[in-house]
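I have a structure I would like to understand better, so I am pasting it below and will then ask my questions one at a time.
The values are calculated or read from the model by the stated rules, or taken from the named source; none is laboratory data. Just so you know, these numbers come straight off a predicted model, no measurement behind them. No Cβ is skipped: glycine too gets one built from the backbone with ideal geometry, and neighbour counts run over all protein chains shown.
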Amino acid sequence: MAKALVDRLSQLDSCAVSDALDRFGLRGAVIGIRPVWPCPRIAGQVVTIRLKPAGLDRPKQHLGATAINAAQAGDVLVVDNAGRVDVASWGGMLSLAAKTKRIQGVILDGACRDIDEIQEIGLPVYARGAVPVTARGRIMQESFNQEIQCGAVAVRPADLVIADGSGVVFIPGQKAENVIAEAEAIAQRQEAMTNAIRAGRPVVEVMESMAYESMLLPKEKS
């Protein structure tokens with residue numbers, strides 16, 4: 001079931017999914033996280049990682065390593081570093097390991113480094129920014145596959161996510177079937193409108209005849 005939903009999600013874009021969440025009154029869009037290189041769209045089931053400031057005890061394993069080992073091909077790693085951009089929460093070595101594991105991509109509520117190397121590796125990474133400062137001695141992994149926060153959105157293991165040039169949107173796992181079905185309907189409606197405009201119909205006429213504004217109403221009021 002999860003793979004079938006991910007396959008359907010991968011045919012959509014973040015805007016249609018965000019609109020669908022709006023109709024159900026759900027929060028899923030994260031503000032301020034963008035691709036760190038012109039990478040392709042990603043969609044998948046999430047594996048979560050929570051980071052924290054390093055204390056007196058030094059970690060035995062580098063952050064992200066255990067999560068990469070636990071992840072399945074096609075998963076998306078989501079890293080909660082509380083939005084910090086003064087230290088990198090991801091880099092080139094981890095990207096190589098994730099790419100080798102066939103992980104779909106990485107989303108960071110924080111900053112990334114080794115951007116040029118990551119682009120050469122070809123791993124899609126979305127983050128709040130880039131910084132050369134290493135994580136070593138500054139931050140460490142607190143947990144993985146536990147509930148985290150990404151921006152203002154609570155993210156749980158097995159939730160779904162889509163990320164593209166417009167941004168990052170999470171879907172609660174238990175709501176995924178309904179949200180994706182609604183996003184597909186929205187995308188089909190928008191495609192019909194696009195085709196009508198390309199055929200020469202005035203945009204005002206197209207939007208009024210196809211009730212564009214009603215697409216934004218909550219599901220129960222539409």
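Conditions (1) within 15 Å of residue 62 (Cβ to Cβ); (2) aliphatic (A, V, I, L, M); (3) touching a residue at least 40 places away in the same chain (Cβ under 8 Å), marked per residue:
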{"site": "99", "(1), (2), (3)": "no, no, no"}
{"site": "104", "(1), (2), (3)": "no, no, yes"}
{"site": "111", "(1), (2), (3)": "no, yes, no"}
{"site": "119", "(1), (2), (3)": "no, no, yes"}
{"site": "139", "(1), (2), (3)": "yes, yes, yes"}
{"site": "142", "(1), (2), (3)": "yes, no, yes"}
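Test each condition in (1) surrounded by 15 or more Cβ atoms within 10 Å (Cβ to Cβ); (2) at negative phi for residue 55 and report the one that comes out false.
In the conditions (1) surrounded by 15 or more Cβ atoms within 10 Å (Cβ to Cβ); (2) at negative phi, residue 55 misses (1) alone.
Could you say which residue among 92, 32 is of a type outside the set (A, V, I, L, M, F, W, C), surrounded by fewer than 16 Cβ atoms within 10 Å (Cβ to Cβ) and at pLDDT 95 or above?
Unique residue meeting the criteria: 32.
Only one of these is modelled with pLDDT of 95 or more and either surrounded by 15 or more Cβ atoms within 10 Å (Cβ to Cβ) or of a type in the set (S, T, N, Q) (or both): 106, 133, 206. Name it.
106
Quick check: anything in the stretch 188-198 of a type in the set (Ser, Thr, Tyr) and within 16 Å of the chain's Cα centre (by Cα)?
no
Moving on. Out of the residues in the stretch 103-146 that are of a type in the set (D, E, K, R) and assigned to a loop (DSSP other than H, G, I, E, B), which is farthest from residue 84 (Cα to Cα)?
114
Let me spell it out: the conditions are (1) surrounded by fewer than 24 Cβ atoms within 10 Å (Cβ to Cβ); (2) in contact with a Leu (Cβ under 6 Å, 6 or more places away or on another chain), and residue 21 meets all of them except one. Which number is the exception?
Result: residue 21 fails condition (2) only.
Here's something else I'd like to know. Can you tell me which of (1) surrounded by fewer than 23 Cβ atoms within 10 Å (Cβ to Cβ); (2) under 16 Å from residue 124 (Cα atoms); (3) touching a Lys or Arg at 6+ places or on another chain (Cβ under 9 Å) is the one residue 40 doesn't meet?
Failing condition for residue 40: (3).
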